[in-house]
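Asker: Just passing along the structure, written as structure tokens.
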Amino acid sequence: MNDSNTNDQPLSPLPTFAELGIDPEVLRAISQAGYESPLPVQAACFGPILDGRHVVVQSRTGSGKTAAFILPILHRLRYEERRPQLLVLAPTRELALQVHQEFERLGQGTGLESVCLYGGTRFTEQLDRLRRGVHVVVGTPGRVLDHYRRRTFLVDGVAALVLDEADEMLSVGFEEEIRRILHALVGLEQVMLFSATLPMSLQGLISRYMRDPVFLDLSQDRVDVDRIENVAYQADPHVPKMRTLMAVVEAEDPPAAIIFCNRRKTTESVTAYLRRRGFDASLLNSDLSQADREAVMARMKAGHQRLLVATDIAARGIDISQLPCVIHYDLPEDMQLYVHRTGRTGRVDRHGRAISILTANDNEAVKSLDRTYGIKLTLLETPTREETLHMLADRRIREMKDKIDAGRVIPEEFQTIAQEILAEPDAESLVALLVDSYLSAPPPAPARETPQAYHPKTRQGGTGGDAPGPGGGPAAPGSGQRPFRQGSRRRGGGRGGGRRS
Ligand code: AMP
């Protein structure tokens, strides 16, 4: 395999979107999405994909890889032919939906029609859309195969395939489905494989189904980690670990965070514990229905949910682009998952914070993080029980005072009851009971506006500094294949190619 590593290239300025030769209607959609300039992976992929080359792209999650294949593909579709021309396979429903949404966002104005096929819901809706005619199909392998077998998804016109998070698709057991799909795609001319890692199991697929692929390595796992402060708190072995979590959440006070647990049961008890203490926490694990998963993700993305307690279902691919913090309530058993979970924060050009709660059993894992990924956890002092309770009380009192200051009208009778309570010999227990009922109805989290401005109370050290991105190398001439459309609409300098093998 002839690997090319764009990180080794001298940094050259990245081209603008217009310089890549992107059509005006797509430029408008890009600008509406708020993207000012191409990210390295987008600059590197544009030329080769537009040229019809097979590509193997090693790219970390959160690097902008979705738009990296969408933008050139939008220039290759034959919009006048309403039949599937591109298939994108993704390992989870959430990721498939996300890719689909990005297609709709960037493709508006082009006449693009697409459908997202995934299990759990909406079979009829998917059928309707397929019948009306689509250019692009995005889906999870199981459901895509299902539609193919029922002949509701006609694959004759599919000329290109994207395997997104390919390593993850294999590791969750989709290899057989992928092979069947590849076998069924008789008109396939271009395969684009995106993966954070390239395990041996992928090599077979690459050599069997990809012709003279361009290898682009934009993985940058280390760089990713440089943008993220990795800190840790030691859990007190004599008290339940959830108390340490509460202390950490109080001390760090993140505007939003995903709390990762290794088991579903733990997510349930942690969520219940936090909610009982007045935190705005929700659960995300595979027991949830698809509709509930989507609802909770949408709340989180919109900034209406502060804490999401999740299993690793949320670790891959999911983009909550403004997430300032992840908390590893349990360190994962496989340290690669630490990197994927942590990749939920500090996305693209933002800083993030990854917090681990350590027990005595984690010593080996901490060493392995350093050895394998060069990630050193900065140990911070865990607040004492008293400090935590003070912080918790302070916050509640502040919240209540804010309500009074905001002019909340309290009926006169309540003032009288309050006086009577305070005159009782067991006033403290009675007030505690009131606090209990107050905390059982946690206030909704305010919408996040500037999450980057998150400054944890305990913040120490940290690496900081934006990671240098690799430059986009000059575009090499492509093979000239045009599976969807003859004649490129590419204009401008075409500086977006990566090095290739
Ligand atoms: P992805 O790696 O595809 O999940 O993308 C991660 C995030 O980067 C998403 O929130 C995208 O909306 C965002 N993104 C993609 N391209 C750009 C760009 N050129 N500039 C800024 N943000 C981008």
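The values are calculated or read from the model by the stated rules, or taken from the named source; none is laboratory data. Treat the numbers as computed from the prediction; the structure is a model and nothing was measured. Counting neighbours? That spans all protein chains shown, and the Cβs are built from the backbone with ideal geometry, glycine included. The accessibility values were calculated without ligands, DNA or RNA, using every heavy atom of the protein model including side chains. Shrake-Rupley method; radii C 1.70, N 1.55, O 1.52, S 1.80 Å.
Asker: Carbon and sulfur together cover what percent of the accessible area of the range 378-427 at a 1.4 Å probe radius? Write down the numbers at each step before the final one.
Answerer: On the way: 2330 of 4090 Å².
Whole-percent figure for carbon plus sulfur exposure: 57.
Asker: Can you sort 386, 333 by 1.4 Å-probe accessible area, starting with the largest?
Answerer: 333, 386
Asker: So how do 198, 86 rank on accessible area, 1.4 Å probe, biggest first, that is with the largest at the start?
Answerer: Result of the area sort, largest leading: 198, 86.
Asker: Suppose each label sits 7 Å from its Cα in the direction of the beta carbon; what would the residue 403-residue 418 distance come out to in nanometres?
Answerer: Roughly 1.1 nm, to one decimal.
Asker: Convert each backbone phi in the range 100-112 into a coupling constant with the Karplus relation 6.51 cos²θ - 1.76 cosθ + 1.60 (shift: θ = phi - 60°), then list the ³J(HN,Hα) values in order as whole Hz, x for Gly and Pro.
Answerer: 4, 5, 5, 4, 5, 5, 7, x, 5, x, 9, x, 5
Asker: Residue by residue, what Karplus-based ³J(HN,Hα) values in Hz, rounded to whole numbers, does the range 35-52 have, using 6.51, -1.76 and 1.60 with θ = phi - 60° and x for Gly and Pro?
Answerer: In residue order, the calculated couplings are 8, 8, 9, x, 7, x, 5, 6, 5, 6, 7, 4, x, x, 5, 4, 7, x Hz.
Asker: Shifting gears a bit: Which of the aspartates and glutamates could be linked to residue 301 by a straight reach, that is with a Cα gap under 19 Å, when you skip same-chain ones fewer than 8 residues away?
Answerer: Result set, ordered by chain and number: 94, 102, 104, 253, 280, 292, 312, 319, 349, 449.
Asker: Okay, moving on. Pop a pseudo-label 7 angstrom from the Cα along the beta-carbon direction at both residue 379 and residue 151 and give the gap in nm to one decimal.
Answerer: For residue 379 paired with residue 151, the spin-label model returns 6.7 nm.
Asker: Once the whole set of protein chains is in place, how much accessible area is left on residue 189, using a 1.4 Å probe, in Å² to the nearest 10?
Answerer: 70
Asker: Would you list 136, 431 from the most to the least accessible area, probe 1.4 Å?
Answerer: Of 136, 431, the descending order of accessible area is 431, 136.
Asker: Collect residues whose amide H, placed 1.01 Å from N in the peptide plane, falls under 5 Å from the amide H of residue 214; neighbours closer than 5 in sequence don't count.
Answerer: 54, 55, 56
Asker: What's the extension gain from residue 108 to residue 183 if we count 0.36 nm per residue and subtract their Cα-Cα distance?
Answerer: That pair, residue 108 and residue 183, stretches by 23.8 nm at full extension.
Asker: In nanometres, what is the gap between the two model label sites at residue 360 and residue 33, each 7 Å from Cα along Cα-to-Cβ?
Answerer: 5.1
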